[in-house]
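The values are calculated or read from the model by the stated rules, or taken from the named source; none is laboratory data. From a predicted model like this one, the values you see are computed outputs, not experimental measurements. Ideal geometry is used to build each Cβ from the backbone, glycine not excepted, and the neighbour counts take in all protein chains shown.
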Amino acid sequence: MLDLDQLRTDTPHCQQLIHLNNAGASLAPRVVLDAVNRHQMREVEMGGYEAADAALTEHEAVYHSVARLLNAKASEIALVDNATRAWDMLFYALPFKPGDVVLTSVSEYSGNYIPYLQLRQRCGITIEVLPNDEHGQVCLKALEQRLQRPGVALVSLPMVASNGGAVQPVQAIGALCRAGGVLFLLDACQAAGQIPLDVKAIGCHMLTATSRKYLRGPRGVGFLYVDLELCQRLEPPFLDLHAASLITAQQYEVRADARRFESWEHNMAATLGFGAAVDYALACGVDKLWARIQTLGNYLRRELAQVPGVHCHDQGGLLTGLVTFSHQRHSASEIRQYLAQRPTRINVSVAGPASTWLDMHQRGLTEMVRASVHAYNTEAELDALIQALHTL
């Protein structure tokens with residue numbers, strides 16, 4: 001069982017504010033701050049290159065920690081600047097040809113959908129959006145039927161949409177993709193650190209995620225997993241002296257592992273902080289964090305249902321810590337500003353159509369308040385949010 005008091009002791013300043021924007025960027029535990037500060041001071045005292053040399057063992061351990069988090073091999077992990085860069089490096093490495101079909105979901109992140117459009121213009125791929133089922137998740141029957149017809153080169157979608165708490169049935173999707181011989185790229189940005197992830201059980205060929213959300217790491221770090229056999233068949237869209245080696249004046253050789261998707265220059269302090277965040281989540285037990293987050297998310301939804309004028313918009317058979325709602329008299333932006341000005345600041349975010357354009361337009365939504373809970377939050381903090389909404 002999680003020790004809530006210890007979680008909060010480990011989280012600086014959580015007593016001074018109510019942070020319900022964990023799907024944006026969580027409050028980092030102290031061990032993460034210590035790891036970042038320790039290396040930054042090492043750079044001051046030794047020099048940047050020398051500090052990196054001194055941290056080689058610690059840096060190498062980050063790959064093994066992420067591999068444990070995903071049930072993968074360290075050679076299948078790459079660390080990059082952010083989750084978008086991780087996703088782009090994989091997507092643009094895929095050898096699409098004219099007519100290839102990319103299947104995605106209504107809940108797709110707009111930052112991923114734009115590259116689909118770009119490659120449609122550039123090389124003639126086709127984009128097809130899978131319908132939802134009655135729960136607001138990908139319709140597995142529709143997916144199965146589409147995979148039985150030729151042309152599909154990739155299934156690509158987010159495990160959890162950024163504007164709602166539904167969890168996609170990723171193991172069933174992965175099984176269908178494997179059976180159909182189709183690649184599966186999973187965006188796990190809102191899942192990593194919140195939901196236990198096992199890439200072998202899911203059956204995805206590729207996965208990307210970020211440090212700053214539910215893993216509670218620093219900003220400016222993302223990571224990817226790629227099945228090693230597939231990895232060795234993909235050439236990244238650009239290379240440097242870290243990703244490849246110059247063999248002769250006419251020949252280069254790309255490295256064999258997933259680090260071919262990295263670049264040489266990176267923020268070592270943030271990377272080590274990310275490693276500390278992953279180790280912290282593993283020590284807590286992601287399964288235990290997930291149980292606590294679900295409890296808090298469900299508690300908040302029940303309480304929101306009692307507030308006059310408030311409507312919850314979450315959909316899905318399995319919900320997460322992302323709780324979205326609107327108010328019949330006040331815009332989401334007004335509510336965010338109001339909560340931020342409370343004597344004890346309450347952080348929430350606004351989910352607008354920019355990030356999840358397809359879903360928001362399909363449901364006729366303009367903007368919603370997103371209150372995203374983490375395991376270190378308390379029921380008392382959620383009660384404070386509810387009380388603030390009552391007095392709005």
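Structural remarks
- Note on the stretch 65-96: residues that are within 13 Å of residue 274 (Cβ to Cβ) and assigned to a helix (DSSP H, G or I) total 5.
- The set of residues from the stretch 46-102 being among the polar types (S, T, N, Q) and touching a residue at least 60 places away in the same chain (Cβ under 8 Å) comprises 65, 71, 75, 82, 84.
- Subset of the stretch 359-377 (residues that are surrounded by fewer than 18 Cβ atoms within 10 Å (Cβ to Cβ) and in contact with a strand residue (DSSP E or B) (Cβ under 9 Å, 6 or more places away or on another chain)): 362, 366
- Selection status of residue 324, outside the structural domain of residue 111 (by TED's automatic domain parsing), at pLDDT 95 or above and of a type in the set (S, T, N, Q): yes
- Checked against the criterion of being under 17 Å from residue 220 (Cα atoms) and among the charged types (D, E, K, R), the stretch 7-16 contains not a single residue that satisfies it.
- Taking the conditions (1) assigned to a loop (DSSP other than H, G, I, E, B); (2) over 29 Å from residue 352 (Cα atoms); (3) among the hydrophobic types (A, V, I, L, M, F, W, C) in turn, residue 177 satisfies each one other than (1).
- Residues that are over 29 Å from residue 26 (Cβ atoms) and not in a loop (DSSP other than H, G, I, E, B) within the stretch 208-243 comprise 228, 229, 230, 231, listed in sequence order.
Rundown of residues vs (1) within 19 Å of residue 92 (Cα to Cα); (2) surrounded by 19 or more Cβ atoms within 10 Å (Cβ to Cβ); (3) out of contact with any strand residue (DSSP E or B) (no Cβ under 9 Å at 6 or more places or on another chain); (4) not assigned by TED's automatic domain parsing to the domain that holds residue 362, yes/no style:
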| position | (1), (2), (3), (4) |
| --- | --- |
| 108 | yes, yes, no, yes |
| 114 | yes, no, yes, yes |
| 118 | yes, no, yes, yes |
| 121 | yes, no, yes, yes |
| 132 | no, yes, no, yes |
| 142 | no, no, no, yes |
| 153 | yes, no, no, yes |
| 166 | no, yes, no, yes |
| 174 | no, yes, no, yes |
